[in-house]
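Below is one structure, written out as structure tokens; the observations come after it.
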Amino acid sequence: MAIAVAPADGGGRRRRQVFESVYSVIALVFILVACVELCDASTVVDVYRLIQYDISGAPFGSRVASLNHHAGSSLFAPGSDLSRTVVILPLRELNETFIRGAVSTCLKLEAQAVVMSLCYMDVGKYIEQGKPLGGLLLLLPRIFRSDNSETVGGYGDSSDKENMKKLLVDLEQKLIHASINYPVYFAFEDEDLDTVLADIKRNDAAGQPATATTGGYKLIVTSPTPKKLASPTITNIQGWLPGLKADGDSNQLPTIAIVASYDTFGAAPALSVGSDSNGSGVVALLEIARLFSILYSNPSTRGKYNILFGLTSGGPYNYNGTQKWLRSFDQRLRENIDYAICLNSLGSAEKGLWLHVSKPPENAYVKQIYEGLSDVAKELGLEVGLKHKKINVSNSRVAWEHEQFSRLRVTAATLSGLSVAPNLLENAGGLSDNREFASEAAVVQSVKLVAESLARHIYGQQGKDVNIFADNSSLAVNPSYIRSWLDLLSRTPRVAPFLSKDSPFIVALKKELAEHVVEVNLQHDVLDGMFTFYDSTVNTLQIYQVASVTFDLLLLLVLGSYLITLFSFLVISTRGVDDLISLFRRPPSRKVKSV
């Protein structure tokens, strides 16, 4: 018995040829449809995420990094659901009422006989009360850029700048002390973003906010889940200028310490340059080291005091680095420190300085420091006030750097342009603290004040009419040196957990201090465990102008109809109507014959 199969007819081959001829066309159509939303890229922007951190396990800052929602403006209809909307909010549109969330402001727009009620976004409710939001993109004026080198229109008046700075300070404090369950990013205003925002506002004002069905602008940030930074390090830099002792052993000489914390903290780590807090203190320390290195390089003018210079880390975190640095000293060194002067926020000291102390003003060393500074201040036309604040050793909060010295019974004071002790993570070099608001002249005056009073103490010239660092002399304060370092620090973010111990900035700081002192040492340690930080601080925002779903479906329907028509025409013109009909018939089954 044999089995035979009937040969396939030519019709099947023709059908396959027709189908294969249009496979490439159909594939192309699907590619075009899939790219409808992805082909209209508007702009790409660098964005800076709101810091994410924990204090003793309590979450703060933005807890999400990825973003994929339609964009909206600060205008929206009352009762709108913004849980899938990224609100683009320029700082220019805020005022204290909106930031504090005290009032919800609405307005009515009349257009084409239709009355619409629109409300401005109540920032306070969305930040503090946890109202759902798809995301928040805050646009900062260009005066807050660390690389801003031009005068930005609309902010020529210094009072306008100060008002804008105050708004940003208030907003920043609200953001960093809240736990926010949606992504918050900062970006700087530019022409592309202004154009996009203007288009979004027009649609919102017309009652046509962007949605999946209506289309509009879509904001996308692709980012993995933020991860904890493992054991962030802090690095202290120490330098010595040994004094002159008859027997050659300077270890027994009294010591004066000049200290400044160099790191910062702010709502966006990549933007926290801290020109005033505490870049100004670092610059002042380096210039003081340079001036005294000239005096101490000659044995005939070398003082009978050791001068210890300390550039410390962990300042915003209760001066954690200063604490670890001091505890690394042996008992003899601590006992030899006559007093320490900590330098803080000197770039905002145009109207005067404040000497903050923990010991009573009647203390002999405190009185000596204050009187020495006051005498020089009068000659310079400055005012120096005295603020006494007791410390509570049972409280871990450390408001001023000198308090870490006081806890170890070392006399110390903080010289600052700030009259009031800042709260935790306040005045630590945030978004508004940039070169635009740090006065070079104030830093120069502060250096003259500290250097002159210190020199008079070292050389026993208190109360005498002398000017050791006179202008136009070889020992004059160098404004160009101060300006160059203040400019560098104003371009360098310095949030300690994101600075590696071999960071180029730390290397440069060590190298510069080594130019002026005899010995420089680095101390690496781990930041206090109560603080936990997360990565993903800088990302790229992609803004797309997408079509509505209705448009996509209509386009697909038109393309499909066109292809069907084209296909039918080709088959009919080449094969005939019968072949077209046969394509949709069930092919005949193969018959099996037995022999």
TODO: Pull up all non-local amide H partners of Gly72: gap of 5 or more, or a different chain, and H-to-H distance under 5 Å with H placed in the peptide plane.
DONE: Val86, Val87, Ile88
Task: Accessible area per residue in Å² at 1.4 Å probe, computed on the stretch 216-291 - done: 27 Å²
TODO: Name the shape class, rounded, prolate or oblate, that the alpha-carbon gyration tensor gives for the stretch 354-495, where a ≥ b ≥ c are the square roots of its eigenvalues, rounded holds for a/c under 1.5, and otherwise prolate holds if a/b is larger than b/c and oblate otherwise.
DONE: oblate
Task: Ranked order, Arg483, Arg491, Arg397, Arg290 - accessible area, probe 1.4 Å, largest first - done: Arg491, Arg483, Arg397, Arg290
Task: the stretch 317-360 and the stretch 478-551: distance between their alpha carbon centers, rounded to Å - done: 23 Å
- [ ] Enumerate the lysines that Lys304 could reach by cross-link, defined here as Cα to Cα under 20 Å, with residues fewer than 8 away along the same chain left out.
- [x] Lys245, Lys464
TODO: Leaving ligands, DNA and RNA out of it, rank Ser416, Ser158 by accessible area with a 1.4 Å probe, largest first.
DONE: Ser158, Ser416
Open item on the list: Let me make sure I get this right: for the stretch 222-317, a, b and c are the square roots of the gyration tensor eigenvalues over alpha carbons, sorted descending. Under 1.5 in a/c it's rounded, otherwise prolate if a/b > b/c, else oblate. Which is it?
Closed with: prolate
Open item on the list: Can you return the lysines within cross-link range of Lys228? Criterion is Cα-Cα under 21 Å, with same-chain partners fewer than 8 residues away left out.
Closed with: Lys501
Task: Residue-by-residue Karplus 3J(HN,Hα) for the stretch 191-202, coefficients 6.51, -1.76, 1.60, Hz, glycine and proline x - done: 5, 5, 5, 4, 5, 4, 5, 4, 5, 5, 5, 4
Open item on the list: How large is the accessible surface of Arg327 in square angstrom, using a 1.4 angstrom probe and rounding to the nearest 10?
Closed with: 150 Å²
Open item on the list: If you take every DSSP beta bridge fully contained in the stretch 349-428, what fraction is antiparallel? Give it as a percent rounded to 5.
Closed with: 45 percent
Task: Partners for Lys387 among lysines (Cα-Cα distance below 23 Å; same-chain residues under 8 apart left out) - done: Lys351, Lys359, Lys367, Lys378, Lys448
Open item on the list: Please report the net charge: other residues with Cβ closer than 10 Å to the Cβ of Asn434, K and R +1, D and E -1.
Closed with: 0
Open item on the list: Less than 13 Å Cβ to Cβ from Thr85, Lys/Arg counted +1 and Asp/Glu -1: what total charge do the surrounding residues give?
Closed with: +1
Open item on the list: Solvent-accessible area of Leu424, probe 1.4 Å, all protein chains present, reported in Å² to the nearest ten, please.
Closed with: 50 Å²
Open item on the list: Quick check: with the 1.4 Å probe, what order do Ser300, Ser146 take by accessible area, largest first?
Closed with: Ser300, Ser146
- [ ] With a 10 Å radius around each residue's Cβ, average the other Cβ atoms per peptide and rank 312-324, 53-65, 441-453, highest first.
- [x] 312-324, 441-453, 53-65
Open item on the list: Given R₀ = 35 Å, what would the calculated FRET efficiency be for Ile294 paired with His388, taking r from the Cβ atoms and rounding to 0.05?
Closed with: 0.50
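The values are calculated or read from the model by the stated rules, or taken from the named source; none is laboratory data. Note that the structure is predicted; figures quoted are calculated from it, not measured. Every residue, glycine as well, gets a Cβ built from its backbone with ideal geometry; the counts of neighbours run over all protein chains shown. Heavy atoms of the whole protein, side chains included, go into the accessibility calculation; ligands, DNA and RNA do not. Shrake-Rupley method; radii C 1.70, N 1.55, O 1.52, S 1.80 Å.
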